[in-house]
Structure formats: structure tokens, C-alpha cells
1. Looking at the chain, identify the longest residue range that excludes and avoids all trypsin sites (Lys or Arg not before Pro) in DSSP loops having at most 10 other Cβ atoms within 10 Å.
2. Which pairs, out of 15/74; 15/56; 54/112, put more than 30 Å between their alpha-carbon atoms?
3. Could you give the length gained by full extension between residue 136 and residue 66, i.e. 0.36 nm per residue of separation minus their alpha carbon distance, to one decimal place?
4. Name the residue from 212, 113, 146 whose Cα lies farthest towards the positive end of the charge dipole of the chain, charges +1 on Cβ of Lys and Arg and -1 on Cβ of Asp and Glu.
5. Starting from the Cα of residue 93, move 7 Å in the Cα-to-Cβ direction to define the label point; list residues of the range 115-138 whose amide nitrogen is under 11 Å from there.
6. Once you order the gyration tensor axes a ≥ b ≥ c over the Cα atoms, which shape class does the range 142-192 get: rounded for a/c under 1.5, otherwise prolate or oblate by comparing a/b with b/c?
7. So how much slack lies between residue 82 and residue 217, counting 0.36 nm per residue of separation and subtracting their Cα-Cα distance, in nm?
8. Which value, in Å², gives the accessible area per residue of the range 1-52 when a 1.4 Å probe is used on the protein heavy atoms?
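The values are calculated or read from the model by the stated rules, or taken from the named source; none is laboratory data. Not measured: the values here are computed from a predicted model. Glycine also receives a Cβ, built like all others from the backbone with ideal geometry; neighbour counts cover every protein chain displayed. Ligands, DNA and RNA are excluded from the accessible area calculation, which covers all protein heavy atoms including side chains. Shrake-Rupley method; radii C 1.70, N 1.55, O 1.52, S 1.80 Å.
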Amino acid sequence: MMLGIETDTQDAEGKVTANAPVDDIGETRISEVCREFEGEIDQIPPVFSALKHKGKPLYVYARQGAPVTKPARKVSIAHIRIQEIRLPRVRFEVACASGTYIRTLCADMGKKLGCGGHMERLRRIRCGGFGINEAAPLDALTEYPSLAAMQTLVIPMADALREMPAVTADAGLTDRIQSGKPLFAGDLGFDENAEHGPPWIKISDENNRLLAVITPAGDGNRYNYCCVFINP
């Protein structure tokens with residue numbers, strides 16, 4: 001976050017719209033403001049965004065000099081952890097829910113501090129259960145002689161659904177799934193008298209190949225298929 005400079009896009013690519021001194025802003029105050037933005041907050045989406053208005057992205061209107069402001073909406077921020085303060089820059093880590101605009105967060109925190117601000121740089125380090133340490137740089141892919149050789153980089157589908165409860169299917173259950181037969185709690189090893197569990201369950205075979213994703217049907221102990229993967 002770059003303090004003291006506001007831009008029309010809320011990031012470093014926009015036109016500077018305001019400047020203010022930051023010399024009197026202390027680290028304690030910056031920490032206090034960061035804490036104020038944790039939890040569920042109201043956030044107004046930036047006028048330079050891909051959100052639609054009458055079928056067109058907001059950035060189209062903004063570039064035409066007729067910006068459209070959408071109503072504020074609730075976003076969730078789990079934490080904001082300051083990594084380094086070297087005014088006018090503040091480097092921090094934020095964990096947030098989908099739909100949160102980090103450049104708007106920077107701009108809003110800058111306003112709260114009384115000096116304005118914008119997002120100078122953003123690096124996404126985790127999303128959907130995947131961390132940056134599992135990513136492969138694009139230039140590294142050129143070192144592989146074929147697509148087959150790249151399979152070492154591919155995360156199996158069963159492992160990709162990391163937060164989804166898992167069931168390992170034996171031969172009988174595998175046959176039921178690949179034949180499209182109805183599934184019941186007893187087929188999955190669940191207590192037929194228990195309340196329905198999680199909204200989605202992944203089923204893999206003994207070789208960790210994803211067979212299906214299912215969801216409770218809501219009428220007894222039956223489960224519906226969300227998707228089925230037929231393995232040769």
C-alpha cells in the first residue's frame with residue numbers, strides 16, 4: 001500500500017487524483033486502522049472494475065468519463081497482518097473472502113488514516129486451498145519435452161478438492177457409481193439414521209482417482225450425483 005497518493009483506479013496504474021503528507025502517521029495508528037478493517041465490512045466496488053451495469057463492465061463507463069458507483073456490499077476479511085512499514089509504503093498480508101477488492105481496501109485504509117492511498121503492488125499467495133509454493137513459473141514449463149512429462153506438476157483432481165470430505169470406494173461402490181446407480185448412506189459407510197453431513201462429498205477409488213462428487217438429496221439417506229468421472 002502506498003500512502004499519501006490517491007489514484008482514480010485505486011492502484012498504481014491510475015491517474016493521481018490527490019496527494020497528502022504522511023510524516024505524522026505513526027506505526028501504532030496504522031496498526032489500529034488495519035484492525036478496524038478486519039471482520040465483515042461494507043465495501044464499495046471500484047468504478048474501474050469488471051462488475052456489470054446494464055450489461056457493460058464498470059470500467060467501460062469509467063474510461064468514458066461517466067463512472068458508475070455500485071452500492072456497498074458486505075465482504076469478509078479474516079486478518080490483516082503488517083509485514084513492514086517504510087513510509088510511505090506499508091506491506092501487509094490479508095486473508096479475505098472472494099469478492100474483496102484489495103485496491104479498494106488500500107484506498108479505504110488510506111482515507112481512514114487521513115492521507116489517502118492506493119495499492120502499489122499485489123501478490124496472490126494462496127487461493128482455493130492452493131499455495132504459491134505449488135505453482136510452476138511459466139518459463140519453467142518450457143524445460144519439459146512433452147505434455148506427458150508435465151504430469152509431475154499436475155495435482156490429481158481428488159487432491160485438488162482439499163476441503164471436501166472424502167470417501168474411498170471399494171470395487172462394489174465403484175461399480176455402482178460408474179453404472180449410475182442411486183447411492184445411499186449405507187453404500188458410503190455412513191450411519192443411515194444420522195443427520196445429513198457436509199453439502200458435498202468426493203469419492204475416489206483405491207488409486208486416488210476421483211470418481212464422483214455427491215450431495216445429500218434431502219429426502220432420507222439418499223445422495224445425488226453432482227458430477228461423475230468415468231475412468232477407463
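1. Values: sites that count: 15, 54, 121, 123, 124.
By the stated rule (loop sites, at most 10 other Cβ atoms within 10 Å), 125-232.
2. Numbers: 15/74 27 Å; 15/56 22 Å; 54/112 32 Å.
Correct reply: 54/112.
3. Values: separation 70, 0.36 × 70 = 25.20 nm, distance 4.06 nm.
The span from residue 136 to residue 66 would gain 21.1 nm if fully extended.
4. Value computed over the given set: 113.
5. The answer is 125-126.
6. On the way: a/c = 4.58, a/b = 2.41, b/c = 1.90.
Cα axes put the range 142-192 in the prolate bin.
7. On the way: separation 135, 0.36 × 135 = 48.60 nm, distance 4.49 nm.
Length gained between residue 82 and residue 217: 44.1 nm.
8. Values: 2970 Å² over 52 residues.
That works out to 57 Å² for each residue.
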